[in-house]
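Right, one structure below, let's go through it.
Every read-out reported here was derived from the displayed coordinates using simple, explicitly stated rules and does not represent laboratory data. Only a predicted model underlies this, so the values are computations on that prediction, with no experimental measurement involved. Neighbour counts run over all protein chains shown; Cβ positions are idealised from the backbone, glycine included.
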Amino acid sequence: MGGANPFGLPMPVEALVAPRAKDLGGGFLVRRLLPASARQAVGPFVFFDHFGPVTVRPADNFDVRPHPHIGLATVTYLFEGAMVHRDSLGAVQRIEPGAINWMTAGRGIVHSERRPEDLATREYALHGLQLWAALPRAFEEAEPAFAHTAADDLPQWQADGLTLRLLVGDWFDRRSPVATHVPTLYLDALAEEDAALALPTDAGQRALYVVEGDVAVDGQAIAPYTMAVLAHDAAGVRAQRGARFVVIGGAPLDGPRFIHWNYVSSSRERIERAKDDWRAQRTPKIPGETEWIPLPP
């Protein structure tokens, strides 16, 4: 249920989540929205990072060296720039704007995200989002997998001053080809001034994140870089001066999750085993990679 205003009327937003700055290494700062004290998850999503827009220069070292995951799927989406994904399954994939990179960690996977070689001596803009979706308990120990969906394979359409891209899930009689274990929603919206979007009310838990610009949900203003966890009856969003925002959500988690470093699990003991495996380097290796990020203290 939403909160109430001084007149006793329902409010469209259950919680507002402000970003926390997080250094991923080499001075590469991101805005972290989930997990937060106000909310651990929205639908299956337990992690939400917004990075950039930043100008990457040849001297910068923003590469994310090999690191492990269990119990989750990483979901990477770029607005600008490019990066190269490598993982312990042997997958090598260049990620470019508009595509969805979905990596299922399951019982364990190791991956890296690096600057493409053709951009090593150039300046370029990098801007995007990375989310984690916690896997249902029945699939936490599934075989790891990797799936890349090109931008042209995702539904995109225009309506009433909006350019909409359905990254994951079903909406407006359209379906994303990205496969998930539970009902999941992820939509990218680019809005012209005063454009409005009716929000789905049957998408489970929902949140809206303002990438840029100013928007209002049922008249309640949401500032840039803010996540609004939406009440069940929140009906619409309006871009007051043009904006970009994403809507995420889906079926709620089937129980609480423990989150430590890059691990997500319904079992604290499982995370401890994963930590021991990484310390001892008993995890799979990425072909051609020799570096790795030590377990934080």
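Points to keep in mind about this one:
- Over the C-alpha atoms of the chain, the Rg to Rh ratio, Rh being the Kirkwood estimate, stands at 0.96.
- Longest DSSP-loop-exposure-free segment, trypsin sites (Lys or Arg not before Pro), the chain, at most 12 other Cβ within 10 Å: 123-281
- On full extension, the segment bounded by Trp261 and Thr163 gains 31.7 nm, given 0.36 nm per residue less the C-alpha separation.
- Multiplying the residue separation of Arg273 and Ala151 by 0.36 nm and subtracting their alpha-carbon distance yields 40.2 nm.
- Charged side chains reduced to their Cβ positions (Lys and Arg at +1, Asp and Glu at -1) give the range 56-161 a dipole of some 340 debye around its Cα centre.
- Dipole magnitude of the range 159-287 about its Cα centre (Cβ charges: Lys, Arg +1; Asp, Glu -1), debye to nearest 20: 860
- Take the Cα of Ala18, step 7 Å toward its Cβ, do the same at Val92, and the gap between the two points is 4.5 nm.
- Its Cα gyration tensor gives the range 1-149 an equivalent ellipsoid. The semi-axes, each the square root of 5 times an eigenvalue, are 30, 22, 12 Å from largest down.
- Approximate spin-label separation Gln281-Ala138, in nm, with each point projected 7 Å along Cα-to-Cβ: 3.9
- Nearest-0.05 FRET efficiency for His181 and Glu80, computed from C-beta distance (R0 22 Å): 0.15
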